[in-house]
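K.L.:
This is the structure I want to talk about, given as structure tokens.
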Amino acid sequence: MSEYTVEFVGTGEKIQVSDKQTILKACIEEGIAQEYSCRVGMCLACSAKIVSGEVTQPAARGLTEEEAEEYALTCMARPKSDLKLDRGKYPPSIETETEATRDAAAADDD
Ligand code: FES
């Protein structure tokens with residue numbers, strides 16, 4: 001088992017996370033505020049942009065393959081190296097969904 005430092009840019013918070021533990025679980029145990037909802041890799045609420053480092057997250061089903069290289073779903077992601085994460089940054093697919101929802105709502109108003 002290896003342990004890595006996960007730093008959150010903006011707040012500068014740092015925690016130690018085992019490669020056997022999800023980043024979200026470590027945040028909860030350390031009392032760090034990390035947004036989440038489904039905890040099964042689908043809703044993207046726990047998303048963070050990977051500023052540096054690598055994660056393993058084979059069960060992050062809500063992300064495309066390309067997004068999984070740039071974003072971590074902290075409920076699924078385990079560190080593979082020291083990490084810097086920017087919380088509250090969402091992958092393009094969630095923004096596309098928002099635009100589609102907004103367009104549908106606008107069409108309903110007509
Ligand atoms: S909490 Fe839903 S994807 Fe992580």
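The values are calculated or read from the model by the stated rules, or taken from the named source; none is laboratory data. Because the structure is a prediction, the values reported are computed rather than measured. Cβ atoms come from the backbone with ideal geometry, glycine included; neighbour counts cover every protein chain shown.
K.L.:
Could you grab me the full set of residues in the stretch 1-15 that are within 14 Å of LEU85 (Cβ to Cβ) and of a type outside the set (A, V, I, L, M)?
P.N.:
If the condition is that a residue be within 14 Å of LEU85 (Cβ to Cβ) and of a type outside the set (A, V, I, L, M), then TYR4, THR5, GLU7, PHE8, GLY10, THR11, GLY12, GLU13, LYS14 are the ones that fit.
K.L.:
Now a separate question. Could you figure out which of (1) crowded, with 16+ Cβ neighbours inside 10 Å; (2) away from the ligand (no atom under 12 Å from the Cβ) isn't true of GLY41?
P.N.:
The single condition GLY41 does not satisfy is (2).
K.L.:
Now a separate question. For the list (1) hydroxyl-bearing (Ser, Thr, Tyr); (2) surrounded by 15 or more Cβ atoms within 10 Å (Cβ to Cβ); (3) modelled with pLDDT under 95, I need the number of the one condition that THR11 fails.
P.N.:
(2)
K.L.:
Also, quick follow-up: Which numbered condition in (1) at pLDDT below 90; (2) away from the ligand (no atom under 16 Å from the Cβ) is the only one that GLU95 fails?
P.N.:
Of everything listed in (1) at pLDDT below 90; (2) away from the ligand (no atom under 16 Å from the Cβ), GLU95 misses just condition (2).
K.L.:
Suppose we keep only residues that are free of Cβ contacts under 8 Å to residues at least 24 places away in the same chain and surrounded by fewer than 21 Cβ atoms within 10 Å (Cβ to Cβ) within the stretch 58-67. Which one would you say is nearest to CYS43 (Cα to Cα)?
P.N.:
In this case the residue turns out to be ARG61.
K.L.:
Could you check how many residues of the stretch 19-51 are in contact with an Asp or Glu (Cβ under 8 Å, 6 or more places away or on another chain) and touching a residue at least 24 places away in the same chain (Cβ under 8 Å)?
P.N.:
Selection size over the stretch 19-51: 7.
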